[in-house]
Amino acid sequence: MTTSSSRGQLLYGPEDPSVLYLQKQHISNKLLTEGTSHIFKVRRTESKTWDVDIHANVRHWLNMFGFGGVIECGKSMKVDNELITALIERWRPETHTFHLPVGEATVTLEDVQVLWGLRADGRVFTGRDHHTRYDDWPSKCRDLLGWIPDAASETKQGGMLMTALINQTRIPLGDDLPPYVYIQRARIHALILLGGLILPDTTGCKVHFMWLNAFEDQDDVINISWGSAALSYLYHYLCEASVDKRKELGGPMILLQLWAWERMPTLRPSFVVAPVHEPYTPCGARWKGTTQIGNAPRYSVEHYRDQISLIKPGQFVWTPYVDRILPDYCNDVNECYMCDTYLVCWSYVEAHEAGRVRRQFNRYQGIPQSIDRMLKNADHLGKNDRRGKKGTDWEKMHQFFIGEWDMRYERFQATVDAATMSINIPLNPGYMAWYNKITVTYLTQPGGVRTTAGMNESASSIRLVVEGFQEIWHMTTEQEIDPRIRRFREIARHALQSTNHGDVMEYQLPNTAMWSCLLNHKTFHHVEVIEWGVLELVGTVTQNR
């Protein structure tokens, strides 16, 4: 923290804009000036399918296709739009990470496979945006799904309606039918899961015809990386929402909610029965049961924003799955989790930069060196939708990025070489000083008062106070001669340690230009500068009240 003038005007960040170069377009910039943000609404339409009994032979093929983990997790809990909104305020499209008080963190391929059992390894989910090997979509539906959707009532704008697909799953199946019948039904269930939960778009009501092209050969479906497809969709919608391009959200936002609950206990809802992970099940299956998510102030965006802003180093769980007993399909034996690579899902291309969050893999976290290269190459905020591109062969269109995905193990080896587990220091000593220089320090102004009934703003004011004592601590030394300065230092130490912010004494804030200038000014004494700083600190907190 430092002020840009003697009037106490804060520098909200980033001090160094080379990383977060989209700050002017980011919703946090609007939040800082207006004090509020739009609550995003998450689309999902798969819920009705969980009431349908799945025949054992159909379930076998769903397991073979790679959806057994999602089925095991069952019906997802109520989506918390306010929590998702608070997370989006922290999402940075320049880095594909959440910028938290403890550093960068993100949803990785590991999270997708461990939480939902969706395969991280394999080939990308893409293809031609046109019916292949068939004259039209109805004939392809007949052979692959055992049903021809009515063009007038069961299709819409290049896709099948979710309600029509769900109605097909309600038709009973016998036990002695030919194998292809169970495969056809498994394809229908898979399309419902994709369109309603894993890869939903903002329409929330249909499944693209083009996805059928990936289901022609049931033996080939087994090799698809559903995890990378899901993560690509998640990144895409988070990026567009964070720069205020969307009001409603597609993508697997339920997955993001589970990720947040696993890693940030202070964001978890109240449960009637405490969630417990059962051995040999995906971690997402843990979050079943009745919760007390409601519309009370506790579950407002303001509440979640404060909880995220107040997270301390010991409150973020970097490796939540380390002691879990998981089924084989939740483990990636090739360890492509840590690959710096590209994720491709039809028209979407997104970068997976695991090197920025190595602590999530129990690796040494250094200061990232390759800033934004991958994201700029992918042009993920450019026009990468399918409008006006009917019939496009997306596999050919994204040949370069698919080639990068196929070379992910070379990228993985480079990451491992740079961040081995043999280093006992989990974090580069200069990381937090670097991070605080390039991140946005405040989402809301200190001293402000919320409009939400029953809640007062606190996180920004607390951060300002903490950073003030942090400055005082680093301005002084143990060898101070003046007893007043030693007393100031002791007050700072006691305040930081007593409020569980002792970690900030380990690194200095990057922008100390103001303090240094004042210290070097011949008209100021050391004690006077500290006294002035304390008064300035208090004045900034109270000036808006």
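Things to note:
- If you go through the stretch 381-419 and keep only what is open to solvent by 50 Å² or more (accessible area, probe 1.4 Å) and either within 30 Å of residue 26 (Cβ to Cβ) or modelled with pLDDT under 65 (or both), you end up with 383, 386, 387, 388, 389, 397, 400, 411, 413, 414, 417, 418.
- Top-ranked residue in the stretch 420-447 [being modelled with pLDDT of 75 or more, among the hydrophobic types (A, V, I, L, M, F, W, C) and outside any helix (DSSP H, G or I); ranked as farthest from residue 356 (Cα to Cα)]: 443
- Applying the criterion of being over 23 Å from residue 433 (Cα atoms) and assigned to a helix (DSSP H, G or I) to the residues of the stretch 462-487, the residue that is least open to solvent (accessible area, probe 1.4 Å) is 485.
- Of all positions in the stretch 214-223, at least one carries a residue that is among the charged types (D, E, K, R), touching a helix residue (DSSP H, G or I) at 6+ places or on another chain (Cβ under 9 Å) and either crowded, with 22+ Cβ neighbours inside 10 Å or under 25 Å from residue 151 (Cα atoms) (or both).
- Residues of the stretch 32-65 that turn out to be under 24 Å from residue 261 (Cα atoms), open to solvent by less than 10 Å² (accessible area, probe 1.4 Å) and out of contact with any Gly (no Cβ under 8 Å at 6 or more places or on another chain), as a count: 1
- Total residues in the stretch 205-246, condition assigned to a loop (DSSP other than H, G, I, E, B), closer than 29 Å to residue 180 by Cα and touching a residue at least 24 places away in the same chain (Cβ under 8 Å): 5
- Of the residues making up the stretch 288-307, not a single one is hydrophobic (A, V, I, L, M, F, W, C) and either within 15 Å of residue 73 (Cβ to Cβ) or at pLDDT 95 or above (or both).
- Close contacts from the stretch 327-341, counting a first residue that is part of a helix (DSSP H, G or I) and a second that is open to solvent by less than 30 Å² (accessible area, probe 1.4 Å) and among the hydroxyl-bearing types (Ser, Thr, Tyr), with Cβ to Cβ under 9 Å and a gap of 6+ residues or different chains, come to 330/281; 330/321; 336/225; 336/228; 337/108; 338/108; 338/415.
- The numbered conditions (1) at pLDDT 95 or above; (2) among the basic types (Lys, Arg); (3) within 30 Å of residue 305 (Cβ to Cβ) are all true for residue 246 except (1).
- Test: residue 173 is assigned to a loop (DSSP other than H, G, I, E, B) and at pLDDT 95 or above: yes
- Condition broken by residue 145, with the remaining ones in (1) surrounded by fewer than 19 Cβ atoms within 10 Å (Cβ to Cβ); (2) closer than 16 Å to residue 186 by Cα satisfied: (1)
- Some residue of the stretch 497-508 being open to solvent by 50 Å² or more (accessible area, probe 1.4 Å), over 33 Å from the mean Cα position of the chain (by Cα) and not hydrophobic (A, V, I, L, M, F, W, C): no
- Any chance residue 206 is among the charged types (D, E, K, R) and out of contact with any Gly (no Cβ under 9 Å at 6 or more places or on another chain): no
- Flag if residue 281 is at pLDDT 85 or above and surrounded by 18 or more Cβ atoms within 10 Å (Cβ to Cβ): yes
- Top-ranked residue in the stretch 70-89 [being in contact with a helix residue (DSSP H, G or I) (Cβ under 7 Å, 6 or more places away or on another chain) and either within 19 Å of residue 189 (Cα to Cα) or of a type in the set (S, T, N, Q) (or both); ranked as most open to solvent (accessible area, probe 1.4 Å)]: 75
The values are calculated or read from the model by the stated rules, or taken from the named source; none is laboratory data. The structure displayed is predicted, hence computed values, not measured ones. No Cβ is skipped: glycine too gets one built from the backbone with ideal geometry, and neighbour counts run over all protein chains shown. Surface areas here come from the heavy atoms of the whole protein model, side chains and all, with no ligands, DNA or RNA. Shrake-Rupley method; radii C 1.70, N 1.55, O 1.52, S 1.80 Å.
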